[in-house]
Amino acid sequence: MKSMVYPDSSPNVVISLFLSFLRLGLTAFGGPAMVAHIKELSVRRKGWLDSKTFNDGVALCQSIPGATAMQMAAYVGLKVSGITGALASYIGFGLPAFILMVGLSIGYIISHGVSWTASVFAGLQVIVVCIVANATFVFGRSILKGAKAVLMAVASAVFFWQGISPFFVVIGSGVAGCLFFSTTEGTDLPNPRGESVLSVVKRDIVLVAALFSGLFALYVLDDKFFHLALLMMKIDMFAFGGGFASLPLMLHEIVNVKGWLDGKTFMDGIALGQVTPGPIVITAAFVGYLLYGFAGSVVATIAVFTPSFLILVMVVPVFDRLRSCRYFLPVTKGILSSFVGLLFYVTLKFAFDIHWDVVRALLALVAFVALSKQIDVLYVVVAGAVASLIVF
């Protein structure tokens, strides 16, 4: 590996980060699986980070809100070129998904009601149920270790079913994690070496001030954009466990509480999100476009990625100390357990919105088996769309 001194905020390095992650973002299908490709780029090909530093970043990004692959892009940029580099890699990695989703949203509105489009989405809604069900299974298999975690997931699903806000469920699960899971792992350690506390605090104050300034500007410009941004930011702040964790929150707020979209339209947005590269949370661009056009898609997309980006930037300097705290792992385990339950609820909710028959049941079975065999979700969605066009 080349010997380099970081962070380096020179224009050449920042541009290299942006272009490298833009190219990677064009083929960023597979969600968290993209982490391996980011490692190939940043450790082996570019030599920006060593393997240990990269692996520390993976541990961090899996412990905080946000889509893991997007967070890792920002982490690499932050380590290489500070805040400027983090923004360059973050925007570069997510930009292709945003552009494609806006294009698909335009096409969705233009063709909505056309018979062949209705046929395609009739099948894709079945595929969405299978995608979320598979995510529930994968998450559950890796997270639910022991009866306490299973009980917490079941309780979360029941609470959500009873109409309890998922935000309260997530907070309660974090508290319950402290009570039910072992707090003997980790001990308090001295502050890790790195940036001084004063410099970190000053930077965080500037970031928070910029965030509130942006929200105030939206409120003055048009309060509908302000409320859209506020909602998307709230969703992102509680989306522990990756992009799929945002689905229960988004469903609750956009469909159940605000009534901005109906359940089937929201499912269509998720299906389109699976056709695009990048995280499934890019569905926010679809929601924003259907509500307020292109400006709405821009506001929704920026808002749904901003809190997790800021959390990453703020946590990186203190993560070693945070991870060593005896309550960190139990809280994280509790929150992640609750998201398995919330995803299970979303699976049932979506399934109940479909008028099932033998053809749809067979399509669901084939799709679920394909996903369980780790066939790329893009292929499953495209094949499902073609089959729907023929069958329905």
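Between the helical axis of 11-25 and the longest alpha-carbon principal axis of the chain there is an angle of about 30 degrees. Relative intensity of segment 123-177 on a log10 scale, I(q)/I(0) at q = 0.12, 0.17, 0.20 Å⁻¹, equals -0.34, -0.65, -0.84, per a Debye sum over C-alpha point scatterers of equal strength in the absence of solvent.
Taking every protein chain into account, the accessible area of the chain amounts to 45 square angstrom per residue (probe 1.4 Å). Here is how the number arises for the chain: DSSP H runs of 4 or more residues each give -39500 (n - 2.57), the sum is divided by the residue count, and the result at 222 nm is -25000 deg cm²/dmol.
The largest-to-smallest principal axis extents of the Cα set in segment 207-275 are 35, 26, 23 Å. Each peptide among 15-22, 278-285 gets the average number of other Cβ atoms lying within 10 Å of its residues, and from highest to lowest they stand as 278-285, 15-22. With R₀ fixed at 45 Å, the C-beta to C-beta distance from S199 to L179 puts the FRET efficiency at about 0.75.
The angle between the Cα long axis of helix 223-237 and the main principal axis of the chain comes to about 70°, on a 0 to 90 degree scale. Report, in degrees rounded to the nearest 10, the 0 to 90 angle that the Cα long axis of helix 197-221 makes with the longest principal axis of the chain. Long axis of 197-221 versus the principal axis of the chain: about 40 degrees. Loop sites here are trypsin sites (Lys or Arg not before Pro) outside DSSP states H, G, I, E and B with no more than 15 other Cβ atoms within 10 Å. The longest part of the chain free of them is 3-144.
Surface composition of the chain: carbon plus sulfur atoms contribute 69% of the solvent-accessible area (1.4 Å probe, protein chains only, all chains present). Who wins for biggest fluctuation among M314, M34, M101 in a Gaussian network model of the chain, springs between alpha carbons below 10 Å? Maximum among the listed residues: M314.
The values are calculated or read from the model by the stated rules, or taken from the named source; none is laboratory data. Just so you know, these numbers come straight off a predicted model, no measurement behind them. With ideal geometry, Cβ positions are generated from the backbone for all residues, glycine too; neighbour counts draw on all protein chains shown. Each accessible area value is taken on the protein alone, full model and side chains, heavy atoms only, with ligands, DNA and RNA left out. Shrake-Rupley method; radii C 1.70, N 1.55, O 1.52, S 1.80 Å.
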